[in-house]
Every structure is written in structure tokens, then in C-alpha cells.
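Novice: Encoded as C-alpha cells, here's the structure I'll be asking about.
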């Protein structure tokens with residue numbers, strides 16, 4: 001099993017900067033505002049042939065009485081409980097403060113291998129700043145600059161040296177990646193909590209609680225899923241806080257990582273233009289889409305509202321009419337157990353491969369049913385077709401004049417492929433290419 005290293009410490013000491021440097025990505029939002037990393041985040045690190053998982057945690061501050069402080073503390077404690085080893089980070093510029101001592105006291109309860117790191121030490125001359133931290137009773141302190149990399153190799157060599165040789169990550173190529181996206185407070189984290197059965201994500205009535213995109217691996221039977229809980233995507237005019245701007249970008253990037261996007265729609269508020277924009281993000285990136293109409297318990301006894309909601313979805317989201325829909329309540333659990341049936345069905349089509357013979361037979365039937373239009377004095381001709389990829393299903397059709405394919409005829413072809421080849425619940429990519437003279 002892969003070793004887990006949790007990075008803990010009070011707010012604004014540089015945990016996320018180190019996490020980003022190690023994961024070589026912007027998987028955690030970094031800002032000078034204390035407490036900005038509010039959910040755990042996981043990433044696999046490869047160092048000198050050793051692989052292990054690092055966990056970035058929210059800032060731990062016992063004296064902080066902000067609205068998220070108790071929940072953040074619980075998240076950190078859970079991360080410590082899950083971890084095999086701990087990287088305890090403090091700030092060399094600020095010196096040892098009471099909050100550091102509080103974290104140290106909590107860590108002593110768990111008796112786990114701990115690397116004590118004093119950050120923001122970017123040269124040998126500044127290593128004198130670590131002396132006060134020995135009062136915590138630790139034997140070894142690692143001076144580090146997570147921003148510049150000073151001292152990183154010594155720290156990481158020691159961590160990698162303690163990771164068992166058999167701690168190699170095993171990636172399942174059949175893993176289904178699912179992004180859960182939507183407007184703020186639509187119920188994204190509540191859905192994951194309901195699925196997992198415990199408070200894995202921060203849940204609050206304040207929109208924007210989930211600032212980071214967070215990955216969670218789960219197994220159902222022999223199938224592994226990666227659930228990506230994202231920050232709510234707000235309308236641009238409402239995204240004024242810099243952190244929320246970053247979160248919106250991260251949520252959109254999460255769509256790029258996923259196979260299937262579960263788009264949460266608030267049944268109580270109804271469909272909005274922003275819901276359509278969110279669906280547009282998923283469609284632009286050709287992802288499978290499931291429309292999860294959440295908070296169904298608030299409207300299910302009101303037939304008129306249900307009727308209007310259905311009409312609004314059909315009208316405003318008609319461009320993803322292929323997306324299956326599920327009416328559910330993350331709060332009560334109503335129909336949540338059905339969501340994996342939807343995921344599996346969509347992924348089966350998303351990953352489906354059709355034989356070249358069946359594809360060409362369909363093209364012949366389409367041309368017979370609706371002959372291609374004239375292009376000037378020349379009729380558009382189709383020579384042959386083949387599927388060139390999956391996730392999404394991608395088809396290349398060789399023709400005499402690719403640019404002459406009218407969008408209405410292209411739409412006809414896509415709809416025929418969907419309905420005939422059993423791809424009615426996923427986007428289909430069709431590419432028109434000119435047949436070269438030497439091609440047959």
C-alpha cells in the first residue's frame with residue numbers, strides 16, 4: 001500500500017507551496033490570506049524511484065474562531081489519522097508561536113513518524129532561525145524554503161528513505177474519473193459525503209465552502225472511481241475574491257481531467273443561465289454529463305414546480321439533451337444510490353468502440369436516408385469512415401470537400417451515430433477529412 005505523508009501546521013506557513021512544488025502542479029490554491037487551504041488535497045509524489053502520497057491540509061490554529069476553524073481542525077486530525085508519517089511545518093520568519101506548540105501537542109497524541117520542518121529558510125545564514133524550535137523537544141529540524149527549494153533534497157531523501165520498497169502506486173486503467181460541478185451551494189460536497197457516509201468534505205450553508213478541487217478514490221465492487229469535488233463555478237461578475245477566481249479555474253480544469261461531469265442543479269432555485277454555462281464547459285471539453293437535480297425533497301410535492309423545472313431544463317440545456325437526468329436529494333439520500341448506475345452506463349458508452357464495418361454500414365444508410373447536399377455543382381461525397389478513438393467516441397469521415405459539410409448535416413450525422421450505435425447518452429466527436437488521391 002502506498003505510504004501517506006500529511007503536511008500539517010498552522011495557517012500561512014507554506015504548506016501548499018511545498019505541496020505544489022512536490023506535485024509539480026497547482027493542485028492547491030496558495031495565497032497570503034491565512035486559512036486559504038480549507039480541504040485536504042492528495043497527490044502522488046515520485047522521488048528517487050519511491051512513490052508516496054502527500055496530503056495538503058488546511059491551516060491548524062486552535063485560537064482561530066472563524067466560521068470554518070473547527071471544521072478545518074477536524075479535517076487536519078482526520079488527515080493525521082490517515083497518514084503513515086507527518087511533515088510538521090512552521091515559519092522561521094515568525095519564530096515559534098503558541099499555535100505551533102498546540103499543533104505539536106496534538107501530534108504527540110498520535111505517536112507517528114514526524115519530520116519537523118522550519119520553512120522560509122532560504123540560505124545557510126538564516127539557519128540560525130531554527131534554534132528556538134528545538135524547545136519543542138525534537139531531535140532533528142529540517143531548514144527549508146518551499147518557495148525556492150532550499151533544503152528540499154535533504155528532507156525528501158530522508159522521507160523517501162523511510163518509504164517501504166513495496167509502496168508503489170497501482171493505477172487502474174479502468175478507473176472512472178467523475179467531476180462533481182455546479183453553482184455554489186448546489187450540494188456537491190453533500191453528495192460526496194452521502195456517498196462516503198461521513199463528513200469527508202467541508203459542508204456549510206455559505207456558498208464557496210469548497211475552494212479547492214479535491215480527489216477521493218472509492219471502490220464499488222471491482223470498479224474504482226475517482227470523485228473530484230470542485231469549487232462552485234460562479235458567474236464572472238460575482239467572482240470578486242481572488243481565491244474564488246482561482247477556484248473557478250480549478251473547477252473548469254477538473255472537468256478536463258474527468259470522464260464524466262455530474263452537474264448539480266438546485267431544484268429549489270431552478271435552472272439558471274449559469275447552469276447552462278457550466279454544462280457548456282463540459283460540452284466544450286466533450287465530457288460525459290449527468291444532470292443531478294438536487295434538493296428534490298423540497299419540490300417533489302409541488303407538481304407545478306416540477307413541470308416548470310422540467311421545461312426549463314429541456315429549453316435551457318437542450319444542447320446536452322443526451323445527458324441522463326436523476327432527481328435526487330443529497331440531504332435525505334433519496335435516489336443517491338442510483339447515481340452509480342448512471343455513471344457506469346454513461347462510461348460504458350464513453351469508452352465504447354465500434355467496428356469499422358458497422359460504422360461504414362451506418363454511413364451508407366445515412367446517405368440513403370438523406371443524401372448529402374450539392375456543393376456548387378459537385379455533390380458532397382462520403383468515401384469511408386472509421387472510429388479513431390474513445391473517451392469520447394471519435395469518428396473520422398473521409399469526404400471530397402470537408403469544408404462543405406453544413407452544420408445541419410453534421411448534426412444529422414451525429415444524431416444518427418448516437419441513436420444507431422448505442423451512444424445516446426454521450427457526446428460524439430465527428431471529424432471530416434479530405435480523402436487524398438492515393439487513398440482508396
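Computed from the coordinates by the stated procedures, all read-outs in this text should not be read as laboratory data. Not measured: the values here are computed from a predicted model. Reconstructed Cβ throughout: ideal geometry from the backbone, glycine too, with neighbour counts over all protein chains shown.
Novice: So how many Å³ per residue does the convex hull of the Cα atoms of the stretch 356-434 work out to?
Specialist: Values: hull volume 6.5 nm³, N = 79.
Per-residue hull volume (Cα only) is 83 Å³.
Novice: Arrange the peptides 374-382, 113-121 so that the one whose residues have, on average, the most other Cβ atoms within 10 Å appears first.
Specialist: 113-121, 374-382
Novice: Something else: Quick check on packing: order 177-187, 123-133, 260-270 by the mean number of other C-beta atoms within 10 Å, highest mean leading.
Specialist: My ranking of the peptides, most packed first, is 177-187, 260-270, 123-133.
Novice: Let me ask something else. What percent of all Cα-Cα pairs in the stretch 310-411 falls in each 10 Å bin, counting up from 0?
Specialist: Answer for the stretch 310-411: a P(r) of 12, 29, 29, 19, 9, 2, 0 percent.
Novice: At a Förster distance of 25 Å, what's the computed FRET efficiency of residue 286 paired with residue 348, Cβ-Cβ distance as r, to 0.05?
Specialist: Plugging the Cβ-Cβ distance into 1/(1 + (r/R0)^6) gives 0.90.
Novice: Report the far tail of the P(r) of the stretch 82-147, meaning the percent of Cα-Cα pairs longer than 15 Å.
Specialist: Roughly 49 percent, once rounded to a whole number.
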